[in-house]
Amino acid sequence: GGLITLDPGYKNTGSCKSAITFLNGEEGILRYRGYSIEELADKASFLEVAYLLIFGELPTQEQLDKLYKDIKKESHVDEEMKKILDGFPKSAHPMGVLSSLTSALIAFNPSAVNVESDEEMYNAIIKLLAKFPVLVAWTLRKKNGQPLDYGDSSLDYVDNILKMMFKSPHEEHYDIDPVVSSALNKLLILHADHEQNCSTSTVRIVGSSHAGLFASISAGISALWGPLHGGANQAVIEMLENIKEDGGDTKKYMGKAKDKEDPFRLMGFGHRVYKNFDPRAKIIKKSADQVLDQLGVEDPVLDIAKGLEKEALEDSYFVDRKLYPNVDFYSGIIYRALGIPTEMFTVMFALGRLPGWIAQWREMRLEKEPIGRPRQVYTGENLRDFKDISKR
Ligand code: CMC
């Protein structure tokens, strides 16, 4: 073989060309298909952003209506899938349930897509956009021990998700709170894509073997689960709770985060690419204040979070390493105010990231990218003689 360039964690390796998301980590800029994240979060709906990411342009009203009409037609999840859900204990982590159910969709909706056919490609994408929110709602209802609830075709995409998640079996109607709806729209938009992060790279690499769309997405969900990636939103709230219970001593935890002997990290801080403010964190911090205010929720961990942020931004350890709050630092505080349990936070991230994963998978297949197959530098033993088991 030729000379191998070693780059653990792919810190300096571009894995593909992509026209979907622009990210400038030095300046803290994020754009989907050329539109600034700030403007999209403020003005667009999540479904519009999904269309933009996947198909490249903002939809006309007619295109958006057609997309949603097609989604509604596909929003039924096979009855047998419920048996799979029933098989999980209530204590199962929702991310494990979600990735399993997404994978199980393959049994009922063959996902081997002929990418030469626009129609097959479109149908697979629609199916996933339609069924995934149902699975998300199921994972929550499982946690809450509530019977499954089906969608309401009179509602828009995000409001329908809220109803599927939260309508209690005792109430006849479920009223959408516009504050909750708009906060969720914004959060989902902010999570919708982030170029070649760990889960997206996973989706692309699994898809590069021509495994189907659902299988690739299921793998992406598993990658997202970890606390260094999407699982950080759950880890942040757990950390803030711990600090609160420990008397709110933020200095002590700052000390732990800086101590190289201590494995503790300040969750929700630092990013592989952003060496400046994560633009999503800025929007989410503002939104957390607004949402808590509008919903009349007082959450003491918000003050702890703000205190930690302030201390970190003035501390040379964090300043020298350019560690800033990332997207996960304040998002959990909003999810919590919306009534979403902590274990569901990363599921909400997955719901938001779905369009990005789909867009990246589609681009990868349309560009006919080769199978992803990195090399290695071998560091093991040279050739050895086999020793019989009695002589070892
Ligand atoms: N707390 C304390 N020290 C940190 C932190 C942190 N959160 N993040 C990085 N560092 C230190 C790290 O110890 C290292 O120090 P030194 O140079 O002295 O060895 C330096 O900063 C560089 O860190 P790294 O681990 O080499 O950087 P990375 O690019 O491999 O990791 C990261 C990026 C996001 C995994 C990391 O910053 C981290 O673990 N953060 C906490 C988890 C988190 O919030 N993850 C969410 C990421 S954003 C959205 C998402 O993907 O979901």
>> Is there a quick way to get the dipole size of the chain? I mean about its Cα centre, with the Cβ of Lys and Arg at +1 and of Asp and Glu at -1; what is the value in debye to the nearest 20?
In response: 1320 debye
> Leaving out same-chain residues fewer than 8 places away, which aspartates and glutamates sit with a Cα under 20 Å from that of K82?
Replying inline: E74, D149, D152
> Can you flag which of K17/K186; K131/K186; K69/K286; K256/K310 are past 23 Å Cα-Cα?
Replying inline: K17/K186; K69/K286
>> I'd like the Karplus ³J(HN,Hα) series for segment 264-276: coefficients 6.51, -1.76, 1.60, θ = phi - 60°, whole numbers in Hz, and an x wherever there's a Gly or Pro.
In response: 4, 10, 6, 5, x, 10, x, 7, 4, 9, 6, 10, 7
>> With +1 on the Cβ of every Lys and Arg and -1 on the Cβ of every Asp and Glu, and nothing else charged, how large is the dipole of segment 326-392 about its Cα centre, in debye rounded to the nearest 20?
In response: 260 debye
> Between E27 and E116, 0.36 nm times their residue separation minus their Cα-Cα distance comes to what?
Replying inline: 28.2 nm
>> Tell me which of L383, M364, A305 sits at the most positive position along the dipole axis of segment 292-392, charges placed on C-beta atoms (Lys, Arg +1; Asp, Glu -1).
In response: L383
> So how do 195-206, 345-356 stack up, highest first, on mean other-Cβ count within 10 Å?
Replying inline: 345-356, 195-206
> In the structure displayed, which of K260/K306; K143/K285; K66/K275 lie more than 32 Å apart, Cα to Cα?
Replying inline: K66/K275
>> Suppose the chain between D385 and E343 were pulled fully straight at 0.36 nm per residue; how much longer would it get relative to their current alpha carbon spacing?
In response: 10.0 nm
> So what are the ³J(HN,Hα) numbers for segment 340-345, from phi and the Karplus equation (6.51, -1.76, 1.60; θ = phi - 60°), rounded to whole Hz, Gly and Pro as x?
Replying inline: 8, x, 3, 5, 8, 4
>> Could you order the peptides 320-326, 20-26, 366-372 from most to least packed, using the average number of other C-beta atoms within 10 Å per residue?
In response: 320-326, 20-26, 366-372
> What ranking do 64-72, 178-186 get when scored by the average of other Cβ atoms within 10 Å per residue, highest first?
Replying inline: 178-186, 64-72
>> Run the simple label-point estimate for E80 and R373 please: 7 Å along Cα→C-beta, distance reported in nm.
In response: 3.4 nm
> Rg(Cα) of the chain divided by 2.2 N^0.38 Å?
Replying inline: 1.04
>> I'd like the Karplus ³J(HN,Hα) series for segment 278-293: coefficients 6.51, -1.76, 1.60, θ = phi - 60°, whole numbers in Hz, and an x wherever there's a Gly or Pro.
In response: 6, x, 5, 5, 4, 5, 5, 4, 4, 5, 4, 4, 5, 5, 4, 5
>> Quick check: net charge around P300, other residues with Cβ under 12 Å of its Cβ, Lys/Arg +1 and Asp/Glu -1?
In response: -2
> Along each of its three principal axes, how wide is the spread of alpha-carbon positions in segment 232-337, in whole angstrom units, largest first?
Replying inline: 41, 31, 22
> By how many nm would the segment from T60 to D262 lengthen if fully extended, with 0.36 nm per residue of separation less the alpha-carbon distance?
Replying inline: 67.4 nm
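Coordinate-derived values only; no laboratory data. Remember, it's a predicted structure, so these values are computed and weren't measured experimentally. Glycine also receives a Cβ, built like all others from the backbone with ideal geometry; neighbour counts cover every protein chain displayed.
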